[in-house]
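In what follows, a structure is listed as structure tokens, so that the remarks can point back to it.
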Amino acid sequence: MSKFEVFIGVWNTTGEVLETQTSPAGTLSATDTYQWLPGKHFIVHSVDARFDGQPARSMEVLGFDSTKQQHFARSYDDQGSTEAFVLELKGRRFSIEGKTVRFNGRFDAEKNCLTGLWELKAGKAGWQPWIKLKLVRA
């Protein structure tokens, strides 16, 4: 989990929400906070977001599954939804893969800014661009 140390702290997040089959275009602003749980085996990620001014809150736990030999996250949101993700951090590239959403992004050289694209799975249409995201260390 030590390579995920790069996330620890508070991030100011902005995004451009793109129109999809299920949602209109809009904006996103959020505060993302990453903290180690004691022992540094897991990271808790809290999100306080606003989609076009409407609040959306979630939290997730990041860890390492030694059986599958992969990093994971499990998210929970204020609408009662939960999803499992596989995480990958190679150099400055970061990806999140879930059943219905995925993210591919890249850190800047100083690792103080992460930019990328969330995609949404849209049935037969496959993966569609969803949110252009930028996180800047606070």
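Annotations for the structure displayed:
- Extreme residue, most open to solvent (accessible area, probe 1.4 Å), among residues of segment 56-74 that are in contact (Cβ under 8 Å) with a residue 40 or more places away in the chain and closer than 20 Å to L135 by Cβ: H71
- In the set D32, D77, only one residue is in contact (Cβ under 8 Å) with a residue 40 or more places away in the chain, among the charged types (D, E, K, R) and either more than 28 Å from Q128 (Cα to Cα) or surrounded by 15 or more Cβ atoms within 10 Å (Cβ to Cβ) (or both); that residue is D32.
- Test for H45: is it in contact with a Phe, Trp or Tyr (Cβ under 8 Å, 6 or more places away or on another chain) and assigned to a loop (DSSP other than H, G, I, E, B): no
- Restricting attention to segment 96-109, the residues being open to solvent by 30 Å² or more (accessible area, probe 1.4 Å) and over 18 Å from T14 (Cβ atoms) number 5.
- For segment 35-55, a tally of residues being farther than 22 Å from A84 by Cβ, open to solvent by less than 70 Å² (accessible area, probe 1.4 Å) and touching a residue at least 24 places away in the same chain (Cβ under 8 Å) returns 0.
- Scanning segment 11-29 for residues that are modelled with pLDDT under 95 and either open to solvent by 60 Å² or more (accessible area, probe 1.4 Å) or assigned to a strand (DSSP E or B) (or both) gives E19, Q21, T22, P24.
- Residue list for segment 116-136, filter: exposed (fewer than 15 other Cβ atoms within 10 Å of the Cβ), assigned to a strand (DSSP E or B) and out of contact with any Asp or Glu (no Cβ under 7 Å at 6 or more places or on another chain): K121, V136
- Test: L89 is assigned to a strand (DSSP E or B), at pLDDT 95 or above and in contact with a helix residue (DSSP H, G or I) (Cβ under 6 Å, 6 or more places away or on another chain): yes
- Yes/no for E83 being under 22 Å from D48 (Cβ atoms), outside any loop (DSSP other than H, G, I, E, B) and among the charged types (D, E, K, R): yes
- So F103, is it under 18 Å from L135 (Cβ atoms), part of a strand (DSSP E or B), of a type in the set (F, W, Y) and touching a residue at least 24 places away in the same chain (Cβ under 8 Å): yes
- I8 meets the conditions (1) open to solvent by 60 Å² or more (accessible area, probe 1.4 Å); (2) over 16 Å from S75 (Cβ atoms) in every case but one. The failed one is (1).
The values are calculated or read from the model by the stated rules, or taken from the named source; none is laboratory data. Keep in mind it's a predicted model, so treat the numbers as computed, not measured. Cβ coordinates were reconstructed from backbone atoms using ideal geometry, including for glycine residues, and neighbour counts include every protein chain displayed. To get the accessible areas, we keep the full protein, side chains included, count just its heavy atoms, and leave off ligands, DNA and RNA. Shrake-Rupley method; radii C 1.70, N 1.55, O 1.52, S 1.80 Å.
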